[in-house]
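Mind looking over this structure? Questions follow.
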Amino acid sequence: MNNYPHPIIAREGWPFLAISFVLALLVTLFSPLWSIPVWIIALFVLQFFRDPARVIPQHPNAVLSPADGRIVVVEKTMDPYAKREALKISVFMNVFNVHSNRAPVDGKIEKVQYFPGKFVNADLDKASIENERNALVITAANGQTVTCVQVAGLIARRILCYAKVADVVTRGQRYGFIRFGSRVDVYLPLTATPKVAVGDKVSATETILAEF
């Protein structure tokens, strides 16, 4: 899997940043006043694609948050990717969150599945089954199955996933990115103990979602 040292600004955003800042500079040359909204857009693009390094908790049984955002679901449901009953925890990312996605556990990728779909608001429950999405089924180091699903949102139009079947990932390792608003669903064994509740704000890698 393609991995790289955190560059502070995600490489997925470099073309967007180059275009927005060059455009802002050109408009500034012709009209400093009219360039103000263009600079605001360029700064928004800059903050959207930030990709800070994170401190990884050392608790061996921890399942870490794969994304920044807000918890919108903690429930028992069916995991359609691993075909089992599971504890589902969903993290909703708005356009102001970091959108770099990180592996929640140490383990081996058993399955990668991509599904085309709609682009309804990722804050809604139906987004998990109707929206464009990409699922990873991971066998964790302790033998448990963890499913991690990137879900596109209302204005998200590109899911990027660098993980492949048979890849071995480590907790906190960067494996993908979703552009402009989205969510990540995590399916865990029913024996897992959630450590977050609906409404909680979480940080990728640094927040423990559950223990198993």
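The values are calculated or read from the model by the stated rules, or taken from the named source; none is laboratory data. These figures come from a predicted structure and were not determined experimentally. Note: ideal-geometry Cβ built from the backbone for every residue, glycine included; neighbour counts use all protein chains shown. Surface areas here come from the heavy atoms of the whole protein model, side chains and all, with no ligands, DNA or RNA. Shrake-Rupley method; radii C 1.70, N 1.55, O 1.52, S 1.80 Å.
Any idea which of K118, K83, K108 is in contact (Cβ under 8 Å) with a residue 40 or more places away in the chain and open to solvent by 40 Å² or more (accessible area, probe 1.4 Å)?
On the way: K118 fails: in contact (Cβ under 8 Å) with a residue 40 or more places away in the chain; K83 fails: in contact (Cβ under 8 Å) with a residue 40 or more places away in the chain.
Answer to the check: K108.
So, of the residues in the stretch 94-127 that are assigned to a strand (DSSP E or B) and more than 26 Å from L190 (Cβ to Cβ), which turns out to be modelled with the lowest pLDDT? Explain how you work it out, then say what you get.
Within the stretch 94-127, the first condition is being assigned to a strand (DSSP E or B), and the residues that meet it are 100-102, 107-115, 118.
Subset that is more than 26 Å from L190 (Cβ to Cβ): 100, 114, 118.
On the way: S100: 89, Y114: 93, K118: 70.
The residue in question is K118.
Given the condition on the phi > 0 side of the Ramachandran plot and not β-branched (V, I, T), answer yes or no: does some residue in the stretch 54-67 qualify? Write out each step before concluding.
The first filter runs over the stretch 54-67 and keeps only residues on the phi > 0 side of the Ramachandran plot, leaving none.
No: the stretch 54-67 contains no residue that is on the phi > 0 side of the Ramachandran plot and not β-branched (V, I, T).
Taking F92, is it in contact with an Asp or Glu (Cβ under 7 Å, 6 or more places away or on another chain), among the aromatic types (F, W, Y), within 23 Å of G153 (Cβ to Cβ) and open to solvent by 10 Å² or more (accessible area, probe 1.4 Å)?
Working: in contact with an Asp or Glu (Cβ under 7 Å, 6 or more places away or on another chain): yes; among the aromatic types (F, W, Y): yes; within 23 Å of G153 (Cβ to Cβ): yes; open to solvent by 10 Å² or more (accessible area, probe 1.4 Å): yes.
Criteria met by F92.
Restricting attention to the stretch 31-60, and to residues there that are part of a helix (DSSP H, G or I) and at pLDDT below 90, which single residue is surrounded by the most Cβ atoms within 10 Å (Cβ to Cβ)?
Residues of the stretch 31-60 part of a helix (DSSP H, G or I): 35-48.
So of that shortlist, the ones also at pLDDT below 90 come out as 44-48.
On the way: F44: 13, V45: 18, L46: 15, Q47: 13, F48: 20.
Here the answer is F48.
Please go through the stretch 61-76 and give me each residue that is in contact (Cβ under 8 Å) with a residue 60 or more places away in the chain and either among the β-branched types (V, I, T) or open to solvent by 30 Å² or more (accessible area, probe 1.4 Å) (or both), ordered by number.
Here is the first cut: in the stretch 61-76, the ones in contact (Cβ under 8 Å) with a residue 60 or more places away in the chain are 61-74, 76.
Within the stretch 61-76, N61, V63, R70, I71, V72, V73, V74, K76 meet the criteria.
A further question follows. Kindly indicate whether A24 is touching a residue at least 24 places away in the same chain (Cβ under 8 Å) and not charged (D, E, K, R). Step through it out loud before you land on a result.
Values: touching a residue at least 24 places away in the same chain (Cβ under 8 Å): no; not charged (D, E, K, R): yes.
Spelling it out, it is not the case that A24 is touching a residue at least 24 places away in the same chain (Cβ under 8 Å) and not charged (D, E, K, R).
Another one. If you check every pair at least six apart or on different chains, which have Cβ atoms under 7 Å apart with a residue in the stretch 33-59 that is of a type in the set (A, V, I, L, M) first and a residue that is outside any helix (DSSP H, G or I) second?
If the second residue must be outside any helix (DSSP H, G or I), the pairs left are A53/H6; V55/E206; I56/R171; I56/G172; I56/T205.
Additional query: Let me confirm something: among T139, T147, which residue is modelled with pLDDT of 95 or more and either open to solvent by 10 Å² or more (accessible area, probe 1.4 Å) or more than 24 Å from A192 (Cβ to Cβ) (or both)? Working first, answer last.
Values: T147 fails: either open to solvent by 10 Å² or more (accessible area, probe 1.4 Å) or more than 24 Å from A192 (Cβ to Cβ) (or both).
Result: T139 is the single residue among T139, T147 that is modelled with pLDDT of 95 or more and either open to solvent by 10 Å² or more (accessible area, probe 1.4 Å) or more than 24 Å from A192 (Cβ to Cβ) (or both).
Can you confirm whether K88 is touching a residue at least 40 places away in the same chain (Cβ under 8 Å), basic (K, R) and farther than 18 Å from Y175 by Cβ?
When the stated conditions are applied, K88 passes them.
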